[in-house]
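S.K.: One structure coming up, written as structure tokens, with questions to follow.
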Amino acid sequence: MKDSTFDLNTDIAREYLERENKDKQVLSLLLEKFLEKKDQILVQKTEMGGSEAYVGSVTLEWFAGRVHFAFGLPLLQKKYNPETDNIEIDADSIDEIQQRPLDWSRQAPLVQYLAARKNHKFPPVLVVINQPWVDDPKASEWNSEERATKSTTDFIPLDKDGKVGLLNVSEENVTIYALDGQHRLMGVQGLMELIKTGKLQRYKKDKTADDSFITVSDLIDQYQVDPAYLQGLPKEKIGIEFICAVSAGETRTEARRRVRSVFVHVNLMAAPLTKGQLAQLNEDDGFAIVARKVAVTHPLLEQKLNRNPRVNWNSSTVAANSTVLTTLQALQDMSERYLGHKFPHWKPFEKGLIPMRPENEEIEQGIDEFTKLFDNLASLPSYKILAHEDTPILRRFSFEKSGGEANILFRPVAQVALAQALGFLVFKKGLSLSTIFKKLRKFDQQGGFTGMEYPQSLWYGILYDSNKKRVQVSGRDLATKLLIYILGGLQDPMEVADLRKALANARTVENKTIGFDGEFVEPKEVGLPLLI
């Protein structure tokens with residue numbers, strides 16, 4: 001009896017599996033039949049806030065060829081400038097504009113990203129489907145009240161609930177415009193041109209030619225791109241979401257306002273990452289990777305029980321009363337300016353390009369070098385005080401509430417300047433860290449880093465703005481040069497003379513130059529400090 005029951009259950013299970021497999025095969029054949037049609041896309045219908053949309057995917061080749069920039073919308077044609085491929089914003093067009101101006105200087109970096117980085121990824125794009133009748137007030141699709149009798153999207157449901165189906169994108173019937181994703185479209189179109197012709201013209205922001213090209217041979221030489229891989233990129237797929245230009249029951253004005261509102265909402269909700277957040281997440285930038293590692297492992301910076309955090313992970317600034325020592329963004333800047341002399345190839349070939357992740361062995365070398373830097377920084381008297389004192393009193397100016405020492409080592413801008421100077425001295429001049437920090441400890445003991453708000457300080461007028469009574473970031477490069485000089489890394493007479501003039505200019509306010517004794521002097525009387 002048990003055996004017969006077992007056999008019966010086995011037969012039922014087998015029949016169920018066979019039926020399920022047959023259903024899958026039928027579904028596969030049906031989908032293949034429908035998807036072969038170039039004028040239909042398999043989509044899923046969504047609804048949010050009363051607006052219907054259709055989500056699917058298309059090849060990069062289809063995206064580049066079928067989707068147009070927003071300036072192609074007929075309602076904007078009068079303000080379209082064909083020379084710049086942009087809408088001219090004026091008093092007449094400002095209420096109609098739905099897009100920010102295109103920045104054509106971004107096309108080359110986007111193309112390089114898609115072509116050279118194998119793990120590239122673009123987020124889905126949002127597009128609008130338009131039909132010819134929309135811009136014909138006499139079309140039969142508009143009723144006597146000037147309301148649309150149908151939508152510009154033609155959806156054929158394949159299930160009983162109408163959630164999955166086919167969207168008609170026949171080139172004869174519809175035109176598609178990018179609502180969110182114009183620069184992605186620009187990048188993909190540039191990629192198609194590069195693959196087709198072997199080169200791509202670079203542009204400035206307004207689409208004037210930049211007298212240079214991206215070429216396939218450059219990509220092969222610089223990034224070891226496989227030509228066969230490049231030829232396969234047009235078949236890659238990108239997510240796409242379709243909405244209608246006009247929905248049934250809308251007037252043309254209502255439709256235009258709805259589409260514009262969608263664009264504004266999409267951009268408002270997509271808050272950009274802060275610099276600190278980018279530094280936390282970046283897995284391509286070697287300097288960011290090194291900075292993160294040292295931030296969580298070095299005794300000077302790591303999180304410890306019964307101790308306030310030493311690193312601000314999100315903001316790029318440090319408030320006067322904050323107990324942190326630095327920020328992750330400052331650590332990344334320090335990493336780049338210190339290690340950039342040793343690993344110049346970690347930086348992208350040109351501004352705007354995404355760096356390529358270094359080999360793990362090099363990253364380990366970078367972590368080791370950056371750790372040595374912080375081992376030595378921790379030996380400075382100013383930082384040793386942290387064992388029994390918190391940072392606010394060391395950072396604040398004397399005139400702020402509760403007063404302070406105005407020590408530049410507790411300001412991110414000075415930390416970055418110091419790292420940049422040390423990177424130059426170590427990796428360009430060949431000086432040893434031990435020799436450099438022997439001098440810096442002496443300089444620190446003599447108060448060289450404190451009291452930046454006083455004329456006696458080397459940093460007065462450079463890192464401290466005496467007019468606004470605050471730190472000034474613009475003085476970072478001059479502070480770097482002064483550090484290099486006092487540590488013996490600047491010997492060229494012309495460079496020394498230029499540095500002296502720059503120091504005098506920094507200490508000049510309203511044509512009055514302040515000497516190191518606090519008195520007004522002639523600019524030529526401001527001399528450079530003694531070497532340490």
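Rule-based calculations on the coordinates, nothing more; no lab input. Fair warning: this is a prediction, and the values are worked out from it, not measured in the lab. Quick reminder, even Gly has a Cβ in these numbers, built from the backbone with ideal geometry, and neighbours come from all protein chains shown.
S.K.: Which residues does a label at residue 517 reach in region 420-458, if reach means a backbone N under 14 Å from a point 7 Å past the Cα toward the Cβ?
M.R.: 456
S.K.: Let me ask you something else. In 5 Å bins starting at 0, how do the alpha-carbon pair distances of region 321-447 split up by percent?
M.R.: 2, 10, 17, 21, 19, 13, 9, 7, 3, 1
S.K.: Counting other C-beta atoms within 10 Å, and keeping those with at most 14, which DSSP coil GluC sites (Glu not before Pro) do you find in region 150-216?
M.R.: Passing sites in region 150-216 are 171, 172.
S.K.: Counting only helical runs of four or more DSSP H residues, what would the 222 nm mean residue ellipticity of the chain come to if each run contributes -39,500 (n - 2.57) and the total is spread over all its residues?
M.R.: -12500 deg cm²/dmol
S.K.: Here's a follow-up. For region 491-532, which GluC sites (Glu not before Pro) pass both filters: DSSP loop (anything but H, G, I, E, B) and at most 11 other C-beta atoms within 10 Å?
M.R.: The qualifying sites are 510, 519.
S.K.: By how many degrees, 0 to 90 and rounded to 10, does the Cα axis of helix 2-35 deviate from the longest principal axis of the chain?
M.R.: 80
S.K.: Right, another one. Write down the radius of gyration of the chain and its Dmax, each obtained from C-alpha positions, in Å.
M.R.: 31.6, 114
S.K.: For a label point 7 Å from the Cα of residue 251 along Cα→C-beta, name the residues of region 121-140 whose backbone N is under 15 Å from it.
M.R.: Counting backbone N atoms under 15 Å from the label point, the list is 137.
S.K.: Right, another one. Please go through region 378-443 and write out the GluC sites (Glu not before Pro) that DSSP classes as loop and that have at most 16 other C-beta atoms within 10 Å.
M.R.: Filter output for region 378-443: 389, 400.
S.K.: Residue 244: net charge of surrounding residues, Cβ under 10 Å, Lys/Arg +1, Asp/Glu -1, itself excluded?
M.R.: Summing Lys and Arg as +1 and Asp and Glu as -1 gives -1.
S.K.: For residue 138, which lysines qualify as cross-link partners when the Cα separation must be under 29 Å and same-chain residues fewer than eight apart are set aside?
M.R.: Within reach: 78, 79, 150.
S.K.: Taking residue 121 as the anchor, which lysines have their alpha carbon closer than 18 Å to its alpha carbon, excluding any fewer than eight residues away along the same chain?
M.R.: Reachable lysines: 235, 237.
S.K.: Let a ≥ b ≥ c be the square roots of the eigenvalues of the Cα gyration tensor of region 285-525; is it rounded (a/c under 1.5), or, if not, prolate (a/b larger than b/c) or oblate?
M.R.: Values: a/c = 1.78, a/b = 1.27, b/c = 1.40.
Note, shape of region 285-525 comes out oblate.
S.K.: Show me the three semi-axes of the equivalent ellipsoid for region 324-380, from the C-alpha gyration tensor (sqrt of 5 times each eigenvalue), largest first, rounded to whole Å.
M.R.: Working through the eigenvalues yields semi-axes of 22, 14, 9 Å.
S.K.: What order do you get for 408-414, 195-201 when each peptide is scored by the mean count of other beta carbon atoms within 10 Å, highest first?
M.R.: Descending mean neighbour count gives 408-414, 195-201.
S.K.: What is the chain's relative contact order, in percent, from Cα pairs under 8 angstrom and six or more apart in sequence?
M.R.: Here the relative contact order equals 11 percent.
S.K.: Using a Förster radius of 35 Å, what is the FRET efficiency between residue 501 and residue 442 based on their Cβ-Cβ separation? Nearest 0.05, please.
M.R.: 0.80
S.K.: Report Rg/Rh for region 382-529, rounded to two decimals, where Rg is the Cα radius of gyration and Rh the Kirkwood radius.
M.R.: 0.96
S.K.: Which value in Å does the Kirkwood hydrodynamic radius of region 363-412 take, with 1/r averaged over all unlike C-alpha pairs and then inverted?
M.R.: 12.3
S.K.: Report, in degrees rounded to the nearest 10, the 0 to 90 angle that the Cα long axis of helix 328-339 makes with the longest principal axis of the chain.
M.R.: The angle comes out at about 70 degrees.
S.K.: Sticking with this structure for a sec: Step through the table entries 384/439; 275/401; 293/372; 347/428, compare each Cα-Cα distance with 19 Å, and write down the pairs that go over it. Numbers along the way, then the final one.
M.R.: On the way: 384/439 16 Å; 275/401 29 Å; 293/372 13 Å; 347/428 17 Å.
Pairs exceeding the cut-off: 275/401.
S.K.: Of all beta bridges DSSP finds with both residues in region 285-525, what is the antiparallel percent, to the nearest 5?
M.R.: Beta bridges within region 285-525, antiparallel portion: roughly 65 percent.
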